[in-house]
Amino acid sequence: GRQGLTSGNVTNLVATDTQKLFEVMHDGHMAWSAPLAIMIVIILLLVIIGPTCLVGAFILVGLVPLSKKVAYAVVKIRRRRVAVADERIEIITAMLQGIKVTKLNNYEDKFEARVAETRQREMKLVRREQAVWGLTLVIRVFTPVLASAATFATYVLVSESHILTASVTFTILMLFNMLKFPINQAGQLLSKAALGIQAMQRISQFMDRDEQDPDTVDVSSDSSEDKDDTVLEVKNGTFFVGTADSESNESSFTDEDKTNDGP
């Protein structure tokens, strides 16, 4: 039933949660293509500079759990923000549905104050969410730079014969730049997947709701054939139209048998 369901919940489901699921489905193939691209680049780095490239690879892999924790932090903040957004939309919907009462009783200022207070709380959570989301962007951009710098330093310090020539340097830089796209997409997919899981849970809760309230439905075991669905029953009835003294307007109706008028 609609018990506990507000128009704000439905609006957010249609406008926000479905969009999050679409984004996950749109970038879903990065779940296999990004690791494949990273593996190919690492193999090429092994061929060019040897095992020293694994230092950069370990840095890339080591920052994945950090990105995961940040993504979960975004999910927690967004869960609180969506609840406040539902509250705000519900207030606006209630005002619009009762616009006559609102205007006649001069409730505009009260509704405006409630919406402004709710919006202020929502924007506070939005700013916090965007700050954490910006941290994920910094991690995704900074990771390849850190990995390439560590790889160069390790390559030079391991052996005196390792010299960074122009061909080796620019080739390594190009390969690490190629790592930016799959790493960035993988981190972005991780964040979108966390948001998509939350959106899927909200949509699932909505889809699993009962279509009717069981308390308002007759669940008796009697079949409809055994029930007497008579709405009106008249026996030996006499009806008059007009006054009883006027014979011209007198009309009578007598039914000796059982008369049933169905719905």
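The values are calculated or read from the model by the stated rules, or taken from the named source; none is laboratory data. Model, not experiment: these values are computed from the prediction. Cβ placement follows ideal geometry from the backbone for every residue including glycine, while neighbour counts extend to all protein chains displayed. With ligands, DNA and RNA removed, areas are computed over all heavy atoms of the protein, side chains included. Shrake-Rupley method; radii C 1.70, N 1.55, O 1.52, S 1.80 Å.
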> Among the numbered criteria (1) modelled with pLDDT under 80; (2) crowded, with 18+ Cβ neighbours inside 10 Å, which single criterion is violated by V14?
Replying inline: (2)
> So which residues in segment 98-148 are of a type in the set (G, A, S) and over 22 Å from A85 (Cα atoms), if there are any at all?
Replying inline: A147, S148
> Using beta carbons and a limit of 6 Å, which pairs, at least six apart or on different chains, have the first residue in segment 164-185 and aromatic (F, W, Y) and the second one surrounded by 14 or more Cβ atoms within 10 Å (Cβ to Cβ)?
Replying inline: F176/P144; F176/S148
> Where in segment 7-100 are the helices (runs of 4 or more DSSP H), entirely inside, with at least 3 residues that are under 21 Å from the mean Cα position of the chain (by Cα)?
Replying inline: 7-12, 18-26, 64-97
> Looking at V55, V24, which is the one that is closer than 26 Å to R78 by Cα and either surrounded by 13 or more Cβ atoms within 10 Å (Cβ to Cβ) or in contact (Cβ under 8 Å) with a residue 60 or more places away in the chain (or both)?
Replying inline: V24
>> Among (1) more than 20 Å from P65 (Cα to Cα); (2) at pLDDT below 80; (3) open to solvent by 70 Å² or more (accessible area, probe 1.4 Å), there is one condition F170 misses while meeting the rest; what is its number?
In response: (2)
> Tally time: how many residues in segment 182-211 are open to solvent by less than 50 Å² (accessible area, probe 1.4 Å) and among the β-branched types (V, I, T)?
Replying inline: 2
